[in-house]
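Heads up: the structure comes next, in structure tokens.
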Amino acid sequence: LVNDAGGEAIAALPDAERKATIRTMVENLSERLAANGGDVDEWTRLVRSRMALGERDKAMQALQDARKALSADAQVALDQLSREFGL
């Protein structure tokens with residue numbers, strides 16, 4: 001979600017602030033994809049981020065949204081992602 005310098009800065013934050021920052025970044029990605037679409041890598045990042053945050057329902061919704069937004073060519077990658085997380 002961030003470059004190396006940004007990742008280091010986030011890692012240095014106190015725990016609660018770090019979690020809030022990460023959640024904000026994930027929400028921003030989600031909103032951007034909902035409004036503008038994105039590629040399979042961005043949708044994959046969103047699903048993985050939701051799972052890392054323990055948000056299984058939101059990860060499942062993101063996967064469903066990705067299936068609607070992406071072409072048939074991307075479905076294979078989404079199927080792999082679904083199997084990986086058991087979604």
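Suppose all protein chains stay in the model; what accessible area per residue would a 1.4 Å probe give for the chain, in Å²? Could the numbers behind the result be given before it?
On the way: 5420 Å² over 87 residues.
Accessible area per residue: 62 Å².
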task: Give the calculated FRET efficiency between Gln64 and Lys19 to the nearest 0.05, with a Förster radius of 35 Å applied to their Cβ-Cβ distance.
output: 0.85
message: I need the fraction of alpha carbon pairs in the chain separated by more than 16 Å, rounded to a whole percent.
response: 53 percent
- prompt: For the pair Glu31 and Ala11, how long in nm is the line joining their label points, each one 7 Å along Cα→Cβ?
  reply: 2.8 nm
The chain: relative contact order as a whole-number percent, Cα under 8 Å and 6+ apart: 22 percent
- line: Taking protein heavy atoms only, a 1.4 Å probe, and rounding to whole percent, the accessible area of the chain owed to carbon and sulfur comes out at 51 percent
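The values are calculated or read from the model by the stated rules, or taken from the named source; none is laboratory data. Remember, it's a predicted structure, so these values are computed and weren't measured experimentally. Glycine also receives a Cβ, built like all others from the backbone with ideal geometry; neighbour counts cover every protein chain displayed. These area figures cover heavy atoms from the full protein model, side chains too; ligands, DNA and RNA do not enter into them. Shrake-Rupley method; radii C 1.70, N 1.55, O 1.52, S 1.80 Å.
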